[in-house]
Amino acid sequence: MTEQQLTSAYILHTRPFKETSLLVEAFTEIEGRVSLIAKGARSSSKKSNKRALLQPFQPLKLNWLGRSNLKTLKQLDSNGLPYKLNGINNLCGLYLNELLLKLLIQWDPHPELYKAYQKALKWLEETDSPQLVLREFELYLLDELGYAIDWSSDIHGDFIENDKFYSYIPQQGFIEEAQQQGLLVINGAMIRAVAEKNWQVKGSLALARKISKNIIDHILDGKELNSRKLLQQTLALQA
């Protein structure tokens, strides 16, 4: 990216850096996840509006300079009104941000995933069914990262049939076999419902959550998602 070119972006996370600056993790349309130093962003100077803009869910235009992987934020402009996410939906948005932060490598462009993320934020702003947003985004993210789940066929390539039962083998897929200890066993009709994104079928969202979580945890290799834990605790209190 040239120094003059601006890219659309969203802030995933910020933390203090030295005395007056911020270390910024952003998800950009052109370059994917990037790490930037926002110099003076914590300054009390009235001339700087950087900190007010460096917030989650705020559409931005920005660019940077520098030759190392850690660039310096050069220009920062608003690119529209921030998405207003409240309560559980705000926690869901933070969960999406943490997924991108911990699963994407730096400077690896994902323009279609960027569009999916933006669509998810808009959906979270409008919906009272945030779990549906999370499940569809998780499935899209896993597909984008090369961990797509084959919901239509078993590990032998045979079509999933509605009236049969299948075991799910982590990191492999579905297999039509007798129940094995410790393996998730699912009716074929439920698997097909997820394949067709027929979320009206009871239990389809829960199945998508369980299997997506299994794969995400495998990729994370022991790293925790703080936003997931907070979201689960909040939902448990509301139950």
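The values are calculated or read from the model by the stated rules, or taken from the named source; none is laboratory data. The model shown is predicted, which means the values in this text are computed figures rather than measured ones. Virtual Cβ from ideal backbone geometry, glycine too; neighbours counted across all protein chains shown. When the accessible area is computed, the model is the full protein with side chains, heavy atoms only, and any ligands, DNA or RNA have been set aside. Shrake-Rupley method; radii C 1.70, N 1.55, O 1.52, S 1.80 Å.
Excluding same-chain neighbours fewer than eight residues apart, the lysines reachable from LYS202 by a Cα-Cα span under 26 Å are LYS119, LYS122, LYS164, LYS210, LYS213, LYS229. In this rough spin-label picture, where each label sits 7 Å from Cα along the Cβ direction, the ASP77-ASP108 distance is 3.1 nm.
State the extension gain, in nm to one decimal, for the chain segment bounded by LEU101 and VAL201, taking 0.36 nm per residue of separation less the distance between their alpha-carbons. Working shown, then result.
Details: separation 100, 0.36 × 100 = 36.00 nm, distance 3.17 nm.
In short, 32.8 nm is gained.
Probe radius 1.4 Å, ligands and nucleic acids left out: which of SER212, SER129 has the largest accessible area, and how do the rest follow? Display every interim value, and only then the final one.
On the way: SER212 0, SER129 55 Å².
In descending accessible area the options line up as SER129, SER212.
Scalar couplings 3J(HN,Hα) for the range 193-199, obtained by applying the Karplus form with A = 6.51, B = -1.76, C = 1.60 to θ = phi - 60°, are 4, 5, 4, 8, 6, 8, 6 Hz; x denotes Gly and Pro.
Site pair SER153 and LEU184 shows an inter-label distance of 2.1 nm when each label is modelled 7 Å from Cα along Cα→Cβ. 3J(HN,Hα) couplings calculated from phi for the range 112-122 with the Karplus curve 6.51 cos²θ - 1.76 cosθ + 1.60 (θ = phi - 60°) are, in sequence order, 6, 5, 4, 5, 5, 5, 4, 5, 5, 4, 4 Hz; Gly and Pro show x.
Compared with the alpha-carbon gap, the fully stretched path from GLU125 to ARG67 is longer by 17.2 nm at 0.36 nm per residue.
For the chain, what is the relative contact order in percent, using Cα pairs closer than 8 Å and at least 6 residues apart in sequence? Present the calculation step by step, with values, prior to reporting the outcome.
Details: 390 pairs, mean separation 35.5, N = 239.
Relative contact order comes out at 15 percent.
When each of the peptides 27-33, 72-78 is scored by how many other beta carbons lie within 10 Å of its residues on average, the order from highest to lowest is 27-33, 72-78.
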